[in-house]
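One structure is given here, and the rest of the page talks about it.
The values are calculated or read from the model by the stated rules, or taken from the named source; none is laboratory data. Keep in mind that what you see is a predicted model, and the values were worked out from it rather than measured. Cβ: placed from backbone, ideal geometry, glycine included. Neighbour counts: every protein chain shown.
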Amino acid sequence: MVMEELQVLRDDETRRVIIGRKASLFSREGFRGALHVGRVEEEGPLKGYDVYVDALYPHVIFVAGARGSGKSYTLGVFVEELAEKNPYVGVVVIDPVGIYWSMKLPNRQSEEIRALTSWGLTPKGYDNVKIFIPVGAAGSVPENTYDALFALKPSMLTVDDWALTFGIDRFSPSGMLLEKVLESVRKEYGDDYSLEDIIAKLEKWEELRDKEKGFKPETIRALLSRFYAARSWGVFSDEGTPLTEISKPGIVSVIDVSFLEENVGALVIGVLARRILHARKIATRKEAAKILNVHGGGRGETDIPPTWLVIDEAHILIPAGNRKTPATDALIEYVKQGRRPGCSLLFATQQPAAIDSRVLSQLDLLFVHKLVFSDDVKAVEKRMPTVLPKEYAGVFLKRLPIGVALVGDRADTTSRAFLVRIRPRRSQHEGREIAVDMTVAASPPPEQSEGGKKERGTDNNMAIISREREEGPIRARAVISRIMEDKARSMFKSYGKGIIGRIFGGGNEIVSLEVKFIPVWEVTYSVFAEPRRVETGVTYIDGYHGEFIHVNNKGKIFFSRGLKHIYKLPRNQTKIIAFLYHRGKEGATLSEIIARGHVPADLAERDVELLKGSQFIREENGRYFINMDLMLPLDPTMGVLASFGRLLTAETQINPDEVLPANFGKERVKELLPALWGGVIVKNVSVIYRPVWLGIIKRGGRQYKVMLDAVTGVFEKELPVLEGKKNERR
């Protein structure tokens, strides 16, 4: 318990507090236009008071938290409140993973519905949510999953935008060529030039090839290849989307950038932030002129309402240090200059230490969920905009329950940081893992059983969460074992002894034998195979081995080859390997990798060199080929992908120490499969536990650790056990 009593603007009669609002505004407006985000969680006279956040004035609000702590869920709560409480502002949500479209639907999760009831709330879908997808994705996405297309006019981009997106030095020969070409097309076409106009200028303008005043042919070719690649980004059109269609009063516009490469998504966000800030500066001047009876001009691109920009995974866009993205400068200017013209920013990250300090210095409200790394803890403590009680410093932030945030308010009406439990979502949240976690956090505690212990739910997802929070046994979905202990002992004794050993019994000494459980990620996904046609697929990835796991017609388990080697590679390197694997013996040139493999030109050359250095690929006469042993499914609709799901499963009790660690985490799956296959969106990743027998046998004076699948009776792994040394593959 914190010794210092919390002082905050409040109404004791209705048991409500408000943060981010000035005392003078509170005395005049009370809670009008405020966002209900949670309840005071800490012990004291204000425990259980509903917590509101001011939304009548612009704010910079930062939400930090490790993966699975409730960070994105909190963003969703803010967006729900803005959609419902403030009809005079525009809300623009940047959606990097394609989950906000579900806000149109009321919450359908039974556990969350019960949690909402305890808060006096009901499920609700929001019909004022409008989903935008890139114009280039229109032919591959079902029409009922989006409302409109968005696109940029090439003239909206500055020279710096192109240079940062292409990954070229602004003042290199390529950068100077870029500037010269853009100046030329702007003079010729004004603001109505297209991507093809730029390409034509590079291809046909003879002045560029002048031996004395022009550029080297390789410089022109390099820039041309980047603009060729830009055709495939799917974000450009001759018209572009008017800003007045994106930022509209009372509308939540979701810009789904999950279809775009990271650098292209950053470009879209940077251009959008710059346009919003510019438009609001002009709109503010018009509003002031109107008050002073100075009229002029009709409605246009700049007539947008005060706007909230909502961004998740912000460390990718505004990284710390010297690194810049196409969004960096625009977002920094947005937070520095945006308050007066009515521009608010709500952003979140799982890596607060990796955020540009120029943005963090502008924040006035900070929500901190559980953090794991000490650097991140230090970063938020350093930027806490109010007094941080010593009881909440250091390791405390590493132990925060899921769904609880430490909140700091820069306003002098709030005396110190305090704890808030975030309210449950009213609309459907597609981030199921976090949604279930938040349900557990938000629900009232289970009733006490006769023995005084809380009754534990039997829902599979709930069981997984219980495992993270408790040390006792969990109930979880597992494949039914067919190999009992007697059979396993017999098989371990004869292991490695051939047919005679299996018939007459071997001479292996069994030092130890125990059952373990391996997490298998069950992945459901959508496949956009043809325009206007979508299929649902399912596959299974063994979290211990890092490979696709299948079952053949004889009921035997077998694995893919090579997935584990690319599991942790960056997305674009995975795409290069997948593209070359598809090409087979034909291989591909760098230009083909860029144009047909849809790898950004500014990253392709670097990533190809890195893959060569790692010996994943090789180069022969300017063409690149796979240089590793791969056996991977090329088609996401292959029937074998779902074959593991044919095995019988049942809910069972598992002790946490019986679960083998996942060497290959499920978080990576959402990026891995789209990079491997393309045209795929991962919808959900859940877990099934696979039983194995793990034994140590002794033969020839040495000990070996051996793994036996408890379903099919297939030996999977053999490791020598060396005293005083780490196990190595024999």
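What the table shows:
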| read-out | value |
| --- | --- |
| Per-region count, the range 73-124, residues among the hydroxyl-bearing types (S, T, Y) and without any contact (Cβ under 8 Å) to a residue 40 or more places away in the chain | 2 |
| Lone unmet requirement of (1) among the polar types (S, T, N, Q); (2) in a strand (DSSP E or B); (3) at pLDDT 90 or above for T652 | (3) |
| Some residue of the range 23-36 being assigned by TED's automatic domain parsing to the domain that holds F347, within 30 Å of E667 (Cβ to Cβ) and modelled with pLDDT of 95 or more | yes |
| Criterion: outside any helix (DSSP H, G or I), under 25 Å from P142 (Cβ atoms) and in the same structural domain as L513 (by TED's automatic domain parsing) - qualifying residue of V669, V685 | V685 |
| Checking A353 against (1) under 23 Å from the mean Cα position of the chain (by Cα); (2) in a loop (DSSP other than H, G, I, E, B), the condition it does not meet | (2) |
| From the options V53, V63, residue that is touching a residue at least 60 places away in the same chain (Cβ under 8 Å), in contact with a Lys or Arg (Cβ under 6 Å, 6 or more places away or on another chain) and closer than 17 Å to D364 by Cβ | V63 |
| Any hit, the range 191-200, residues being under 13 Å from A230 (Cβ atoms), among the hydroxyl-bearing types (S, T, Y), outside any helix (DSSP H, G or I) and assigned by TED's automatic domain parsing to the domain that holds T219 | yes |
| Whichever residue in the range 246-266 is assigned to a loop (DSSP other than H, G, I, E, B) and of a type in the set (S, T, Y) and, among such residues, is farthest from V92 (Cα to Cα) | S258 |
| Matching residues in the range 329-356 - criterion: being surrounded by fewer than 20 Cβ atoms within 10 Å (Cβ to Cβ) and over 26 Å from G68 (Cβ atoms) | D329, I332, E333, K336, Q337, R339, R340 |
| Count - residues of the range 120-174 that are over 30 Å from D602 (Cβ atoms), hydroxyl-bearing (S, T, Y) and touching a Leu at 6+ places or on another chain (Cβ under 7 Å) | 1 |
| Residues of the range 206-237 satisfying the condition of being part of a loop (DSSP other than H, G, I, E, B) and under 19 Å from G265 (Cα atoms) | G234, V235, S237 |
| Tally of residues being touching a residue at least 60 places away in the same chain (Cβ under 8 Å) and either surrounded by fewer than 20 Cβ atoms within 10 Å (Cβ to Cβ) or farther than 23 Å from G98 by Cα (or both) across the range 317-327 | 1 |
| Failed item, numbered, when N655 is tested on (1) closer than 30 Å to A488 by Cα; (2) in contact with a helix residue (DSSP H, G or I) (Cβ under 7 Å, 6 or more places away or on another chain); (3) surrounded by fewer than 20 Cβ atoms within 10 Å (Cβ to Cβ); (4) of a type outside the set (K, R) | (2) |
| Some residue of the range 531-550 being of a type in the set (G, A, S), within 30 Å of E651 (Cβ to Cβ), out of contact with any Pro (no Cβ under 7 Å at 6 or more places or on another chain) and modelled with pLDDT under 90 | no |
| Which numbered condition A675 fails, given (1) touching a helix residue (DSSP H, G or I) at 6+ places or on another chain (Cβ under 6 Å); (2) among the hydrophobic types (A, V, I, L, M, F, W, C); (3) at pLDDT 90 or above | (3) |
| Looking only at the range 374-391, and only at residues there that are out of contact with any Lys or Arg (no Cβ under 9 Å at 6 or more places or on another chain) and either of a type in the set (A, V, I, L, M) or not in a helix (DSSP H, G or I) (or both), the one that is surrounded by the fewest Cβ atoms within 10 Å (Cβ to Cβ) | M384 |
| Breaking point among (1) out of contact with any His (no Cβ under 7 Å at 6 or more places or on another chain); (2) in the same structural domain as V520 (by TED's automatic domain parsing); (3) not in a loop (DSSP other than H, G, I, E, B), for S643 | (1) |
| Failed condition for H582, given (1) surrounded by 19 or more Cβ atoms within 10 Å (Cβ to Cβ); (2) part of a helix (DSSP H, G or I) | (1) |
| Check on F664, out of contact with any Lys or Arg (no Cβ under 8 Å at 6 or more places or on another chain) and aromatic (F, W, Y) | no |
| Spans of strands (runs of 3 or more DSSP E) in the range 25-105 with at least 2 residues within 25 Å of A353 (Cα to Cα) | 60-64, 90-95 |
| Residue match in the range 56-64 (condition: under 20 Å from W119 (Cα atoms) and of a type in the set (V, I, T)) | no |
| Of all residues in the range 137-185 being exposed (fewer than 15 other Cβ atoms within 10 Å of the Cβ) and more than 30 Å from L105 (Cβ to Cβ), the one that is farthest from the chain's Cα centre (by Cα) | E183 |
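Per-residue answers, yes or no, for (1) touching a helix residue (DSSP H, G or I) at 6+ places or on another chain (Cβ under 8 Å); (2) closer than 30 Å to L363 by Cβ; (3) at pLDDT 90 or above:
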| residue | (1), (2), (3) |
| --- | --- |
| T219 | yes, no, yes |
| L224 | yes, no, yes |
| I276 | yes, yes, yes |
| T302 | yes, yes, no |
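Here is a yes/no grid of residues against (1) surrounded by fewer than 16 Cβ atoms within 10 Å (Cβ to Cβ); (2) under 21 Å from W308 (Cα atoms):
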site: T14; (1), (2): yes, no
site: V17; (1), (2): no, no
site: S24; (1), (2): yes, no
site: S27; (1), (2): yes, no
site: R32; (1), (2): yes, yes
site: V40; (1), (2): no, no
site: K47; (1), (2): yes, no
site: D50; (1), (2): no, no
